[in-house]
Amino acid sequence: MLTTHTRIHDLLVQTGLFEDPQPASLLGKARESGQSIRETVLKNTKVKEEAFLEKLADAMNLPFRRLKDVEIEADILEKIPTKAIFQYNVIPLSTENNALLVATSDPFIPGLADALRLAADCRIRLVLSPDDDISTTAKKFYGIGAETLDRMMQDNRIDLEDEESLLNQDLSELDQEASVVKFVNQIIGEAFKDRATDIHIEPMEMDLRIRYRVDGVLHETPMPPQLKRFQSSVISRIKVMANMDIAEKRLPQDGRISVRIRGEAIDVRVSTMPTVYGESVSLRLLMRGGSLITMKDLGLNDHDSALLGKMITRPHGILLVTGPTGSGKSTSLYAWLHTINSVDKRIMSAEDPIEYEMAGVNQVQMRPEIGLTFANTLRTFLRQDPDVIMVGEIRDKETAEISIRAALTGHLVFSTIHTNDSASTITRLLDMGIEPFLVASSVEGIVAQRLVRGLCQTCRNPVKLDDAFLREHNFPMERLATEGPIYEATGCDECRGTGYKGRTGIFEILPVNDEIRPLIIAHASASAIKQQALAHGMKTLREDGWDKVLNGVTTIDEILRVTEEVELED
């Protein structure tokens, strides 16, 4: 629309955001780097994109619009080819005075208005909007990978050639030719961008649904309506990447993919399951090259941090962490190992899978199909002179017995087990058939934990909640006078409208001390054990959650979502 450097220079001056000779300098940097004027301004100045586009819109006599919650009619969306939408990062909004309003974040793209006019066969009026607003809105209305599927529909072909050479490439550098290979890469790349931990590809009768799990909560991802047509090709591509048998569609399969996205190494665990409408595929994303979480990052309060710090430095005994799948148990184990990992300690771990690679730790991947089980590996560990042993999970009596034997012979053992709270872990071990005196003499402590979504610190708002609601859930209202306030999630661009960003842990730590051991030997109930622990200062998961609510870390809704009321015996 406007391409002459003189005109662009004048527009930069008219924005009032730059002092002479800054506009000329920015134009020179843009020429040298080959970047657009918009990219150069945002990279080389402190001016924010929204402020720049607002002032630029005034100077160019164009509208400026944020696109949050915008609604676009279906016939408007069809006026510009999908390829152009994603190539130029534009989106048609509406018609006004026989002109099509098209949002762009860069009006200086050479020939943009002319290309859009030819594509839409009507007059074009540009609207300036932030880049993220446009890309988010385009994904919402067209779906992720829409341009790829559109190209495949036009070509009426699926390109599955030369896939093996693509398996270990950086996804950001793959060939841009439209193909099912590119589409699968886009799905994984978008999940990485959204900080998703899981991708679920679920066949339905008339649709292929794709959902991402972000901060522990599932979100349906907008997908092009024609995706169902390419269901078998998409699933076959994933199975090829994971070295699975693409011809076997009747039985579940497991596999693994190693990829790089923007320079980061990622392991993707793949699981397929036959359903009535085709194979359902689940992908778990593990950041192999990511930095390890330390004890400080877990979310422990000062008292629990000191208590746990003593437990993980003891010379022997078992320390167990418990909670449902996805509650951060493995992350806690790695944080403990990271804290005590030193040259004078021999640490060995049996894992399935190895989620993080840790220097100085001898990590063994379980392979049950060849007999490399937790129990067999533990027996071998005891002949390897370890100081610390980590067992990925205690799943059966045999593994539990060997772990206890290791603890009683002078080793420190870390492991996980699936129970609802700390006290229930003791009864679970007893129910497995472990003798009470062995549990009492070997287990040093049990940590129950959950993960809650952390409030977005940019948009959180104080909220006044109904007193009756707080009393109903036993909230410590007496603390509101000196602590708080309580915040609610609202939503902004930083948190993608959810009100939450990241996760933190809530904990319940039960030390197995001289007050608890007699109860274990007497085969006491979980409720009786918990009651004794509470009498000696243990905080429940919900009580730790209330602390984080009053500290502005999370919301009451999150705590109620992941915890339950404590019921004790009379």
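The values are calculated or read from the model by the stated rules, or taken from the named source; none is laboratory data. Remember, predicted model here, so these are calculated numbers, not experimental data. Backbone-built Cβ (ideal geometry, glycine too); neighbour counts: all protein chains shown. For the accessible areas, the whole protein counts, side chains as well, though only heavy atoms, and no ligand, DNA or RNA atoms are used. Shrake-Rupley method; radii C 1.70, N 1.55, O 1.52, S 1.80 Å.
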Let's see if you can work this out: charge +1 on each Lys and Arg Cβ, -1 on each Asp and Glu Cβ, no other charges. What is the dipole magnitude of region 428-570 about its Cα centre, in debye to the nearest 20? 580
With no solvent and one point per C-alpha, what does the Debye sum give as log10 I(q)/I(0) for region 285-434 at q = 0.16 Å⁻¹? -0.89
At 37 °C and 0.692 mPa s, grab the translational diffusion coefficient of region 87-140 from Stokes-Einstein with a Kirkwood Rh over Cα pairs, rounded to a whole number in µm² per second. 293
For region 10-99, what does the accessible surface come to per residue with a 1.4 Å probe? Please give it in Å². 59
Solvent-accessible heavy-atom area per residue, rounded to whole Å², over region 302-440 at 1.4 Å: 42
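Using alpha carbons only, what's the Rg to Rh ratio of region 232-271 with Rh from Kirkwood?
We get a ratio of 1.03 for region 232-271.
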Along the charge dipole of the chain, which of 309, 210, 148 sits closest to the positive end, that is, farthest toward it, with unit charges on the beta carbon of Lys, Arg, Asp and Glu (+1, +1, -1, -1)? 148
Based on alpha-carbon centroids, what's the gap between region 441-477 and region 246-297 in Å, whole number please? 31
Probe of 1.4 angstrom, ligands and nucleic acids ignored: what's the accessible area per residue over region 448-498, in square angstrom? 58
A correct Kirkwood calculation over the Cα atoms of region 294-370 returns a hydrodynamic radius in Å of 13.9
Principal axis box of region 1-137, alpha-carbon based, largest edge first, Å: 46, 28, 26
Quarter of the surface of the C-alpha convex hull for region 182-313, i.e. direction-averaged projected area in nm², equals 10.4
Please report the equivalent ellipsoid semi-axes of region 426-483, computed as sqrt(5 x eigenvalue) of the Cα gyration tensor, largest first, in whole Å. 41, 17, 11
With every protein chain left in place, what is the accessible area of residue 219 in Å² (1.4 Å probe, nearest 10)? 70
What's log10 of I(q)/I(0) for region 1-76 at q = 0.19, 0.27 Å⁻¹, Debye sum over Cα points only, no solvent? -0.81, -1.41
Provide Rg and Dmax in Å for the chain, with only Cα atoms included in the calculation. 28.5, 88
Sequence order, region 99-110: Karplus ³J(HN,Hα) from phi using 6.51 cos²θ - 1.76 cosθ + 1.60, θ = phi - 60°, Hz rounded, Gly and Pro as x, gives 10, 8, 7, 10, 7, 9, 9, 9, x, 8, 4, x
Considering the alpha-carbon set of region 445-555 alone, what are its Rg and its Dmax in angstrom? 17.4, 56
Please report the carbon-and-sulfur percent of the accessible area for the chain; probe 1.4 Å, protein heavy atoms only, DNA, RNA and ligands left out. 47
Sites matching GluC sites (Glu not before Pro) across region 1-108 that sit in DSSP coil, with at most 10 neighbouring C-beta atoms within 10 Å: 19, 71
Place a +1 charge on the Cβ of each Lys and Arg in the chain and a -1 charge on the Cβ of each Asp and Glu, then give the dipole magnitude about the Cα centre in debye, rounded to the nearest 20. 680
Region 502-561 shape via C-alpha gyration tensor axes, a/c threshold 1.5: prolate
Candidate cut points under GluC sites (Glu not before Pro) in region 450-533, DSSP loop plus at most 14 other Cβ atoms within 10 Å of their own Cβ, are 494, 515
Sketch the reach of a paramagnetic label on residue 47 as a point 7 Å from Cα along Cα-to-Cβ, and name the residues of region 96-115 whose backbone nitrogen lies under 14 Å away. 106-108
Helix-only mean residue ellipticity at 222 nm, the chain, DSSP H runs n ≥ 4 weighted -39,500 (n - 2.57), per residue, nearest 500. What is it? -10500 deg cm²/dmol
Computed over the Cα atoms of region 42-122, the Rg and Dmax in Å are 13.4, 40
